[in-house]
Amino acid sequence: MDKQQAWPRGVFPARLIEKLAHEGAIIAARPFDHDQVQPASLDLRLGDVAYRVRSSFLPGPSHSVAERIEALKLHEIDLKNGAVLERGCVYLVPLQESLDLPDAVSASANPKSSTGRLDVFTRVIGDRARGFDQMPEGYKGPLYLEVSPRTFPVLVRTGSRLSQMRFRSGDTRLSIAEHRALHDSDTLVFGGHYPVGEGIALSIDLKGDGRNGLIGFRSKRHTAVVDVDKKAALDVLDFWEPLTNRGREELILDPDEFYILVSDEAVHVPPSHAAEMVPFDPLVGEFRVHYAGFFDPGFGHSPAGGSGSRAVLEVRSREVPFLLGHGQTIGRLIYETLAEAPDRLYGTALGSNYQAQTLKLSKHFKPYTP
């Protein structure tokens with residue numbers, strides 16, 4: 001592969017991700033799954049083994065991840081026939097994908113939406129990395145996934161997909177002026193409480209559905225195992241406590257509890273762009289949106305079946321209880337330009353799980369009717 005080849009500036013849509021793979025910049029131990037390449041990201045697959053390790057770590061500039069695993073591992077777990085990863089433990093899993101990136105192409109990773117909604121903490125690590133979830137331009141080497149279930153024990157196996165990777169060339173984030181211009185032309189947010197600036201601010205909906213007042217879910221403790229590869233298999237009430245609006249439009253977040261809430265705004269990612277949700281400035285309160293997340297082109301796009309799509313928020317308090325009020329800012333979406341027009345959009349045509357969502361748990365749970 002010619003690592004000096006010119007690549008267009010922007011986030012790579014599916015066709016360019018497939019081109020990276022064809023030219024050897026993404027190396028896969030097995031052929032890609034038919035639905036592994038998303039509109040602007042690549043799902044990453046677990047390999048055949050997981051290592052239980054004493055602690056999370058970064059290898060630093062002088063070490064490979066394998067060297068650190070050897071020093072920190074407690075035991076090795078075969079994933080070929082499936083294995084349970086226990087809550088509160090840290091595991092390192094070699095991924096089936098590795099990289100030989102061109103000199104101008106970098107990559108970043110985030111948990112998949114379904115992973116975040118299960119409160120499974122994941123981060124991608126590369127050899128000699130100084131940071132998590134970031135592969136610098138020209139990175140060559142293996143990829144590993146740190147996995148730490150925080151609420152539910154999870155059953156995973158070789159090929160399970162917990163994380164996703166986005167590829168880009170150049171500086172792709174929009175400026176404040178570009179965010180405002182894109183909002184003027186394509187309407188990025190509907191019903192927002194705050195003006196568009198450095199991205200769009202997302203606030204919390206604590207009014208809930210007018211019919212039943214449902215505002216969110218709080219996870220239960222001491223539950224059964226969640227099989228990450230089975231859809232609509234679990235009863236909601238075995239794992240979650242529904243939360244309702246009892247007239248005050250506020251919620252006290254308890255420390256060490258995990259909540260699924262939803263934005264008050266509907267959001268839109270036009271086909272020309274991608275977006276990433278980032279936690280809001282922690283100076284505004286002792287809470288955070290627990291996981292950042294990728295929003296592919298077409299999320300919330302009406303022609304792709306997404307009218308009215310909300311952002312589902314995975315929320316934890318920090319060290320102290322914290323009172324959230326309806327309309328309080330809790331996160332923001334930052335938009336990025338695509339390197340070229342996409343050949344597929346997030347939405348109903350792809351069978352996307354969360355298009356046109358309001359308050360919604362992960363795909364593993366049966367539909368909930370209060």
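Could you point to the residue in W240, G308, T223 farthest towards the positive end of the chain's charge dipole, with +1 and -1 charges on the Cβ of Lys/Arg and Asp/Glu respectively?
Ranked along the dipole, the leading option is T223.
With all distinct Cα pairs included, what does the Kirkwood hydrodynamic radius of the chain come out to in Å, to one decimal, could you say?
21.1
Quick query: amide H of V120 versus all other amide H atoms, modeled in the peptide plane; which residues come in under 5 Å with a sequence gap of 5 or more or a different chain?
Correct list: R150.
Taking Rh as the Kirkwood radius, which is the inverse of the mean 1/r over Cα pairs, what is the Rg/Rh value for the range 60-113?
Here Rg/Rh amounts to 1.01.
Residue by residue, what Karplus-based ³J(HN,Hα) values in Hz, rounded to whole numbers, does the range 21-38 have, using 6.51, -1.76 and 1.60 with θ = phi - 60° and x for Gly and Pro?
5, 4, 8, x, 7, 10, 10, 10, 5, 9, x, 4, 5, 5, 10, 6, 8, 8
So what's the net charge close to T172: Lys and Arg +1, Asp and Glu -1, counting the other residues with Cβ under 12 Å from its Cβ?
Computed value for this residue: 0.
Can you show me the helix-derived [θ] at 222 nm for the chain, built from DSSP H runs with n ≥ 4 at -39,500 (n - 2.57) apiece and divided by the number of residues, rounded to the nearest 500.
Calculated at 222 nm, the ellipticity per residue is -2500 deg cm²/dmol.
Rounded to whole Å and sorted largest first, list the principal axis extents of the Cα atoms in the range 154-198.
Here the Cα extents, ordered largest to smallest, are 45, 30, 16 Å.
Just to confirm, what accessible area per residue do you get for the range 180-221 at 1.4 Å probe, in whole Å²?
Here the per-residue accessible area is 50 Å².
In the range 22-140, what percent of the accessible surface is made up of carbon and sulfur (1.4 Å probe, ligands and nucleic acids excluded)?
After summing per-atom areas, the C and S share lands at 47 percent.
On the Cα set of the range 21-159, report Rg and Dmax in Å, please.
Cα radius of gyration and Dmax of the range 21-159 are 14.5, 40 Å respectively.
With +1 on each Lys and Arg Cβ and -1 on each Asp and Glu Cβ, how big is the dipole of the range 87-212 about its Cα centre, in debye rounded to the nearest 20?
My answer is approximately 580 debye.
Could you tell me the relative contact order of the chain? Use alpha-carbon pairs under 8 Å, at least six residues apart, and round to a whole percent.
Answer for the chain is 20 percent.
Mind checking which of G331, L145, P102 is farthest towards the positive end of the chain's charge dipole, using Cβ charges of +1 (Lys, Arg) and -1 (Asp, Glu) about the Cα centre?
It is L145, whose Cα lies furthest towards the positive end.
Ranked from highest to lowest mean number of other Cβ atoms within 10 Å per residue, what is the order of the peptides 196-203, 75-82, 316-323?
Top to bottom by mean Cβ count within 10 Å: 196-203, 316-323, 75-82.
Taking Rh as the Kirkwood radius, which is the inverse of the mean 1/r over Cα pairs, what is the Rg/Rh value for the range 172-221?
Here Rg/Rh amounts to 1.17.
Where nothing but the Cβ of Lys and Arg (+1) and of Asp and Glu (-1) is charged, how large is the charge dipole of the chain around its Cα centre, in debye to the nearest 20?
That gives a dipole near 640 debye.
Based on the mean of other beta carbon atoms within 10 Å per residue, what is the order of 179-192, 255-268, most packed first?
The packing order, highest mean first, is 255-268, 179-192.
Any chance you could check the Cα centroid distance between the range 8-34 and the range 218-255 for me, in angstrom?
Going from one Cα centre to the other spans 36 Å.
Filter K80/K231; K207/K231; K207/K366 down to the pairs with a C-alpha to C-alpha distance above 22 Å, please.
Flagged as over cut-off: K207/K231; K207/K366.
Taking amide H positions as placed 1.01 Å from N in the peptide plane, with prolines and chain starts having none, which residues 5 or more places from L253, or on another chain, fall under 5 Å of its amide H?
Those lying under 5 Å, H to H, from L253 are F322, L323, L324.
List the trypsin sites (Lys or Arg not before Pro) in the range 197-271 that DSSP assigns to loop (not H, G, I, E or B) and whose Cβ has at most 12 other Cβ atoms within 10 Å. Which are they?
Sparse-neighbourhood loop trypsin sites (Lys or Arg not before Pro): R211, R221, K230, R246, R248.
Under 5 Å between amide H atoms, partner at least 5 residues away or on a different chain: which partners does G331 have, H built in plane at 1.01 Å?
L202, F280
The values are calculated or read from the model by the stated rules, or taken from the named source; none is laboratory data. It should be emphasised that the depicted structure is a prediction, and the values quoted were computed from it without experimental measurement. Positions of Cβ are backbone-derived with ideal geometry, glycine not excepted, and every protein chain shown enters the neighbour counts. For accessibility, only protein heavy atoms count, side chains too; no ligands or nucleic acids. Shrake-Rupley method; radii C 1.70, N 1.55, O 1.52, S 1.80 Å.
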